[in-house]
Every structure is written in C-alpha cells, then in structure tokens.
Amino acid sequence: MSEPSFRRDKLSKPIFRWARHVLPTLSETEREAIEAGDVWWDADLFGGNPDWAKLLAVPPATLTAEEQAFLDGPVNELCRMLDDWHINWERHDLPPEVWDFLKRHKFFAMIIPKAYGGLGFSAYGHSEVIRKLSTRSIAGAVTAMVPNSLGPGELLLQFGTKEQQDYWLPRLAEGKEIPCFGLTSPEAGSDAASMIDSGVVCHGTWQGREILGIRLNWHKRYITLGPIATVIGLAFKLHDPDHLIGDRDDIGITVALVPTNLPGVSIGRRHLPALMAFQNGPTWGHDVFIPLDNVIGGAAQVGKGWKMLMSALAAGRGISLPSLSAAGAAFTAHVTGAYARIREQFHVPIGRFEAIQERLGRMAATAYLLDAARRLTCAGIDHGHKPAVVTAIMKEQATERLRVVTNDAMDVHGGKGVQEGPLNYLGAGYRAVPIGITVEGANIVTRSLIQFGQGAIRSHPYLLKEMAALEDPDPERGLVEFDHVLWDHVDHSIANAMRAWGRAWTGGMFAPNPATAAATSRFYRALGRYASAFALMVDVALLTLGGGLKRQEMISARFGDILSELYLLSAVLKRWHDEGRQREDLPLVQWCMEEGFATIEARIDQILANFPMRPVAWQLRFMLLPLGPLRRGPSDRLTQACADILLEPSAARDRLTVDLFHGIGDDGLARLERAFALTIAAEPLRERMHKARVRDVNEARRQGLINDAEMAELNAAAEAVSAAVAVDDFAPEEITPRLARSAEGEGPSQTLRRPTAAE
Ligand SMILES: Cc1cc2nc3c(=O)[nH]c(=O)nc-3n(C[C@H](O)[C@H](O)[C@H](O)COP(=O)(O)OP(=O)(O)OC[C@H]3O[C@@H](n4cnc5c(N)ncnc54)[C@H](O)[C@@H]3O)c2cc1C
C-alpha cells in the first residue's frame, strides 16, 4: 500500500475513475496488433522534439562482402535469365530453369540463418536483391520475395519449436519445400481476423496411429505461390468443442503448417493478378487432418496466431514492397529521363519542355526520397528493431508514391509506354502498381487506421502506459502508476505546447539542428517545428476525441500523412548526411522538403478545418498556423533543377539509379540506354549545326560543318533513337490464336517478331 498523496487522491483519482469508465475497449486483435513489434524513430516524432544526433548516429545500412558477391553473381545472372515478356505473355510462369536457379542459389532462403542452410542475409542485403530483381521482372521479384516475407519461413524463425525449425528450415532453404501463406479468404480480406476457416480439435489417424490433432476446413484466395506450394502456413480459427486441450470452446486464430499432399487439400488453380504471371491462386481444404504438433510453436501456441502474424508483419512489410517500390521509382526516373532526352517533338527534346520537367523533377525527387527511406528502415531493422508503425508508413507511402511516378513515366512516354510488347519496359510495372497497393494491408486501411491509429497508442510516450495502468486488475496499484504517468504526461504536454507555439510563431528559428549540416539546417528546424505541432495536435485530439478518433478515418489519415512526412523527410536528411552531403543532390533534398512541408501544412489546415470541437480547433490554429498554410511546395526553378539531373549523365544521376539492372542485348532498355549515350555524345555536333541553322545531316556534311566521322556519329545516334522509340506490332493471328492455344493447353506460342534496330 502506497503513502497517501494529495495529488493522487484529489486530482488523479477522479480522472482515473472517469478514464477507466470511458476508456475505449480494444478488441483482442487490436491489442495484439498494437503490441506487435517495437517503436523507434517514430517515438521521437511522437515526442515532439526529435533528437537529430540520434538519427544521424544510426549506422548506415551496408552490405557484407558475401551479400555484395551474391548481387554481383547470382542476382545478375538471374536478371539475365529473366525475360518478362516471355514470362507474362507466353509462358505465364517462370521458365523451369529459372525456378531451378532460384532454388539452387537459395533465393527463397535469404532470411533463413546459415545454421539451417539459408543465406542469413541482413534486411538491407535482402532488400538490395529484391530491388535489383524488380527492375528486371516483377513476376521474378515477387516470386523471390514472397518466401522471404510473411509466411512459414519467418513464422518458424520467430515462433517455431526447435523440432519444427530443424525439420522445416533446411528443407525450405534447399528449395525442397515451396511455402505459401494462407490468410485471406473470400469473406475476410482487410478484416482478416473475421475469417470463417476453421479447425476443430479431435482425434484422428496420422501415419497409422491414433493421435490428437486438428480437422481443417478452409477456402483461401489470392495466395501467392499457392498453386505450386508444398506447404501452406494456414491461418484458421481453432475450436475445441469437446475440451480436449483445455476448457475453452473457441481458442482463436491459430497458424499451422499444412503439407499440400494431404488428403482433402486442393491447390493448382490460378488467379491472374494484373496479368502478372507469378503464381497466385485459391486453395481449399476439406476435412484435412493434421497433428497438433503442426501448429507453429506447438500446442502451446494455439490461439496465438494473430499475434504471430502481426509480429512477423511488423518488420516484413518494411522490406519487400518498399524495396520493390524504391526500385520502381529509380527505374522509372532513369528511363523517363533518358526517353525525354532522346525523344524530340517540335524539334526539341521533350525533356526541355517545362510541363515535362514538372514530371521529371517529381520523379527524380521521389526516387531520392524512397531510397533514402528504404535505407533508413533497413538500417533500423538490421539494428534489431521491428518498428511496426514505421513499416506501415513505408508500405503505404512507398507504394502510393510509386503509383504517382509510374503514372508520370507513362504520361511522358506517351504511346511508347502504352503499346505492349517485348520492347515495352514500363507496361508490367504500370499494371503491377495496384498489387503493391493492395497486399500486406491495403493502403486505405493502412493510412487511415494503422499508421496513426496504432502509432498514437504505440509510439506515444505515455498513452500505452496510461492505458496499462487504467486496465490494471488491481485498481490501487493502477492508480499509483497512473498518477505517475499522467503527471509526467501533463508536464510533457505543457512543455510541448509551449514549444510548438514558440516554434510556429518564429518559423522554427530556434529549433535544434545538427551543427554539421549548414545547407540543411533550416530543414531540421522546420521538421522540429512540425514535429512539435504534430505532438500537440495528437495530445489534444486524444484528449477531446478519445476512442472516437478510431472512427474519424479522414482525420486519422491526415495525422498519418503528417507522421509519414516527418519520417520520410528525416530519412532524406539522413541520406544526404550519410552520402557525404553531396552538393549536386541538394536540389533533390530541397524538393522533397518543400513538397513535404506543403503537405504537412495542408494536412494541419485540413485537420483543423474538420476538427469536430471548433473552439479547440480555433485555439490550435491560433497557436500553430495563425496565418494559414504558407508553404507552397517546390518552386518551378527547383523542379527544373531536379529534372535536369535526369537529362544529363552525372554523378547525381548515377547515385539516383545506382545498382539497377541495365538493358541487355537488343532489349527495350538496352536500346534506350544506347540511344541516350549516343545522343549525349553527339550533342556538340548537333549544337554546331544548330548554330549554323542547319538541320539536315547531309546538308551539314555538304557545307563542311561536319566531317565523315562526325556524320557517321550523328547517323548512328539517329538510328539508335529510332530503335529506342520503336514499339512492337503483331500480326492479328499472332495475338488471338495465342490465347486460344494456351487455353487448349498447347503451351506458349513462338516468340513474337521484334522490330530490328534498323526498323
Ligand atoms: C496479388 C495478390 C497477392 C496476395 N497474396 C496473398 C498471400 O500470399 N496470402 C494471403 O493471405 N493474402 C494475399 N493477398 C490478399 C491481400 O492481403 C488482400 O487482398 C488484402 O488484405 C485486402 O483484402 P481484399 O482484397 O479482400 O480487400 P477488402 O478488404 O475487400 O478491401 C476493399 C477496400 O476497402 C478498404 N477497407 C477495408 N476496410 C476498411 C476500413 N475499416 N476503413 C477504410 N477502408 C477499408 C480497403 O483498404 C480496400 O481499399 C494477396 C492479394 C493480391 C491481390
């Protein structure tokens, strides 16, 4: 029993009683989602006063020599083997030799430790592999990605028993087993916890013996690798009506390993996700019997499935899709800059038109930002964090921003991006964008419910502790704890409110900035200003709207946007610092900052305009945004400076597109890269002709403006450009019968004719 205290008894106690009464109830699944993973830089942002020295001290993500050798060796070789057109349109699958290569070189075992025969890669090593593969073939990248993402491998590593790990992990590492993960069902998508797939504890026969096990019935859909999997990590609701393993009827969501060769399992049919030919399909199980030992973690882990899934997702969703998206952004920036440089209309490279530069500038800056955020997130994960809120930000923001730049790339390429065929290097990425938006937590849910909804509880410096105290079954102990945390919270909130107000009214002039970063110090200060405004608004929103915030998805989503911007912009500053503060990259940094600040101010404004408690909103507006939003986004000149980076070879351009896979042979990308190089090389000659007002090469030769070698150089560049802007065309019978033949099981048609470089 603690000492009596005036503060506790007269102030904290009534609040404690009231708060216990009004505390929103969290469902078990919500609680498990909130408790999954840990907090990291997000906690600093929620605290309102981020410690920049701490961020800059995070060691940058790096590759081991072994990871680098894997990228230079097997990954490059695999890229050379991947022909995306053949995979998607002719074979509708990866070729057997690619499957073989993936298994032999352990692409499916990047996360499995070496002790079990896997590659034991870091998050960054894993991410770099996915990044490079994504720029060659999305179907190939997704196939390699999925066994390393949420699924049996990850779940066994985190929760498997020793016996399960010893048996399954080496088999997965060697590619003897192909895993898939079965969570989604027709009735339960985003609300996966509402699944009706069931398991019933019962006795049954297993390898000739009568044992205690589970009889399963399920219908799952959209399952990646499902059609060819040998083992399903299956999520279902476990029931024990005869109380064979306890006294509860409903045990809850459970995850078990189900070999697909068991009687009652149906696999093999396929979906065609956005016409991408990676394996994806439904699976059914009818009265499939498995031993209790097949539950991941053994019988002791029955009913803990949701917690396991959330925990595995906490790190995983920060790697796969963000890597694919960062790769997509860098790739589209690379090819669109090159295309805008070689493609001329009205006798001018289209990249010189301001309206095209508007798109190019955004693409360049987005590529810089997404890779910055990918690297920072991998660094955090490699230092042992599982930052659930950060990875939710990464998943949603990376895939959304990829959608924007992919649309930009398509628009700049015009018909060249639209016409499908082996020469089209954009179409597959364009079609695949909605897949990333949908999987691993559909973006609308992630933005409006998870980032801020979970973050406000999980990453907030006091809220989770306050909730724990309020829920303490011993009210006296709870009150003592609540009293401490509540008044720390009040102190913190008062200090933060003063800080937020002061920083808003002085434009962040006195907010901290790391002394080493002169060129970017105003950005650190502005971010500090917005972080304290965010923290104040969070406190006020929680106090006034409480559990109601959960239903106010539009407000919650805007808070999520502010938090996302704070994280992504921190990553941009960190990248600039880690890469040695390259001056040529400053326009990219500035663009990201100006755009992000404008978004933050717009979201603050929108939250305040829609905040249900008007007097509170007026007060906040007076403190935080007295003159309304003032940030207008990047200037046109800044956007042009970013666009220019994509239009000319430079170290800055190389840094943006580092380690992407380049074109090979006569493929579309190789043609473009060759045309770009020759166009740049011939530029002085074109300039000479331009000054003499001569357009025709033959005429220039006749007038002696250029010699024979120069004429040949100009002609070679022109031919390369024609080859690069060419698109595929097909005889009608090449298109229609192929579909018919494939449906009749005759296999892929012969390769379609490609226009030659001369055409
Ligand atoms: C190509 C592909 C591969 C996949 N691979 C796998 C796999 O390997 N294993 C697996 O288990 N699953 C897999 N999935 C399933 C994927 O995780 C689900 O598609 C996803 O969870 C969304 O479910 P849904 O498609 O049924 O959409 P729905 O849940 O029906 O959602 C429709 C829309 O409503 C929104 N929405 C839903 N609830 C709310 C809410 N409360 N507030 C606001 N908006 C809301 C969603 O954001 C979405 O925009 C895959 C899906 C695809 C397309």
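Checking the structure you have, find out if any residue of the stretch 478-492 is within 30 Å of CYS592 (Cβ to Cβ), at pLDDT below 90 and in a helix (DSSP H, G or I). Within the stretch 478-492, one or more residues are within 30 Å of CYS592 (Cβ to Cβ), at pLDDT below 90 and in a helix (DSSP H, G or I). Quickly run through the stretch 318-353 and pick out the residues that are part of a loop (DSSP other than H, G, I, E, B) and over 20 Å from LEU588 (Cα atoms). Matches in the stretch 318-353: GLY318, ILE319, ARG343, PHE346, HIS347. Kindly establish whether GLU32 is among the acidic types (Asp, Glu) and surrounded by fewer than 20 Cβ atoms within 10 Å (Cβ to Cβ). Taking the combined requirement at face value, the residue does not satisfy it.
Sub-6 Å Cβ pairs linking a first residue in the stretch 349-363 that is surrounded by fewer than 21 Cβ atoms within 10 Å (Cβ to Cβ) to a second residue that is β-branched (Val, Ile, Thr) and in a helix (DSSP H, G or I), at least 6 apart or interchain, are ILE350/ILE356; GLU358/THR639, ordered by first then second residue. Of the conditions (1) farther than 30 Å from PRO95 by Cα; (2) among the basic types (Lys, Arg); (3) free of Cβ contacts under 8 Å to residues at least 12 places away in the same chain, ARG215 satisfies every one except a single condition; which number is it? Condition not satisfied by ARG215: (3). For the stretch 454-492, give me each residue that is within 15 Å of ALA43 (Cα to Cα) and out of contact with any Lys or Arg (no Cβ under 9 Å at 6 or more places or on another chain). GLN454, GLY455, ALA456, ILE457, ARG458, SER459, HIS460, PRO461, TYR462, LEU463, LYS465, HIS492, listed by residue number. Within the stretch 12-51, track down each residue that is over 24 Å from the mean Cα position of the chain (by Cα) and either within 30 Å of ALA511 (Cβ to Cβ) or β-branched (Val, Ile, Thr) (or both). The answer is ILE15, VAL22, THR25, GLY47, GLY48, ASN49, ASP51.
The sole residue among THR135, THR143 that is crowded, with 21+ Cβ neighbours inside 10 Å, hydroxyl-bearing (Ser, Thr, Tyr) and away from the ligand (no atom under 16 Å from the Cβ) is THR135.
Listed here are the residues, each with its yes/no results for (1) closer than 25 Å to LEU586 by Cβ; (2) at pLDDT below 90; (3) of a type in the set (S, T, N, Q).
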| residue | (1), (2), (3) |
| --- | --- |
| ILE494 | no, no, no |
| ALA504 | no, no, no |
| MET509 | yes, yes, no |
| PRO514 | yes, yes, no |
| ARG522 | yes, no, no |
| SER532 | no, no, yes |
| LEU549 | no, yes, no |
| LEU566 | yes, no, no |
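When we screen TYR368, TYR430, TYR425 for residues that are closer than 30 Å to TYR222 by Cβ and within 17 Å of the chain's Cα centre (by Cα), the only hit is TYR430. Among residues belonging to the stretch 261-292 that are more than 14 Å from the ligand (Cβ to nearest atom) and free of Cβ contacts under 8 Å to residues at least 60 places away in the same chain, point out the one that is surrounded by the most Cβ atoms within 10 Å (Cβ to Cβ). Filtering first and then ranking leaves VAL265. Filtering the stretch 53-74 to residues that are among the hydrophobic types (A, V, I, L, M, F, W, C) and buried (at least 21 other Cβ atoms within 10 Å of the Cβ) leaves ALA61, PHE70.
For the stretch 423-467, the tally of residues that are more than 17 Å from MET554 (Cβ to Cβ) and more than 10 Å from the ligand (Cβ to nearest atom) stands at 22.
Checking the stated criteria, ARG581 turns out not to satisfy the condition of being within 28 Å of SER650 (Cβ to Cβ), part of a helix (DSSP H, G or I) and of a type in the set (Lys, Arg).
Number of residues in the stretch 131-177 that are over 28 Å from ILE664 (Cβ atoms) and either part of a helix (DSSP H, G or I) or not hydroxyl-bearing (Ser, Thr, Tyr) (or both) equals 26. Note on the stretch 366-439: enclosed helices (runs of 4 or more DSSP H) holding 1 or more residues that are under 17 Å from GLY37 (Cβ atoms) are 388-413. Among residues that are in contact (Cβ under 8 Å) with a residue 40 or more places away in the chain and either in a helix (DSSP H, G or I) or closer than 30 Å to THR143 by Cα (or both), MET467 is included. The stretch 194-246 holds strands (runs of 3 or more DSSP E) entirely within its bounds, and those carrying 1 or more residues that are at negative phi and within 15 Å of the ligand (Cβ to nearest atom) map to 209-224, 231-239. With respect to being at pLDDT 95 or above, in contact with a helix residue (DSSP H, G or I) (Cβ under 9 Å, 6 or more places away or on another chain), farther than 27 Å from ALA326 by Cβ and not small (Gly, Ala, Ser), GLN590 falls outside the description. Based on this model, can you work out whether GLY441 counts as modelled with pLDDT of 95 or more, buried (at least 20 other Cβ atoms within 10 Å of the Cβ) and closer than 30 Å to PHE661 by Cα? It is false that GLY441 is modelled with pLDDT of 95 or more, buried (at least 20 other Cβ atoms within 10 Å of the Cβ) and closer than 30 Å to PHE661 by Cα. At pLDDT 95 or above and away from the ligand (no atom under 15 Å from the Cβ), is that true of SER311? Against the criterion (at pLDDT 95 or above and away from the ligand (no atom under 15 Å from the Cβ)), SER311 does not qualify.
In the stretch 253-269, which residues are touching a strand residue (DSSP E or B) at 6+ places or on another chain (Cβ under 9 Å) and either farther than 22 Å from PHE159 by Cα or at pLDDT below 95 (or both)?
Result: LEU262, PRO263, GLY264, VAL265, SER266, ILE267, GLY268, ARG269.
Of the set (1) over 35 Å from the mean Cα position of the chain (by Cα); (2) in a loop (DSSP other than H, G, I, E, B), all apply to PRO634 but (1).
Close Cβ contacts (under 8 Å, 6 or more residues apart or on different chains) running from residues in the stretch 637-656 that are of a type in the set (S, T, N, Q) to residues that are surrounded by fewer than 22 Cβ atoms within 10 Å (Cβ to Cβ) comprise THR639/GLU358; THR639/ARG362; GLN640/GLU354; SER650/GLU584. For the residues ALA61, ALA19, the requirement of being in contact (Cβ under 8 Å) with a residue 12 or more places away in the chain and outside any loop (DSSP other than H, G, I, E, B) singles out ALA19. Note on the stretch 213-244: among residues that are hydrophobic (A, V, I, L, M, F, W, C) and surrounded by fewer than 20 Cβ atoms within 10 Å (Cβ to Cβ), the one that is farthest from the chain's Cα centre (by Cα) is LEU244.
Residues of the stretch 152-177 that are under 23 Å from GLY199 (Cα atoms) and either within 16 Å of the ligand (Cβ to nearest atom) or surrounded by fewer than 17 Cβ atoms within 10 Å (Cβ to Cβ) (or both): PRO152, GLY153, GLU154, LEU155, GLN158, GLU163.
The values are calculated or read from the model by the stated rules, or taken from the named source; none is laboratory data. All figures in this text were calculated on a predicted structure; none of them were measured in a lab. Here the Cβ is made from the backbone with ideal geometry for all residues, glycine too, and neighbour counts use every protein chain on show.
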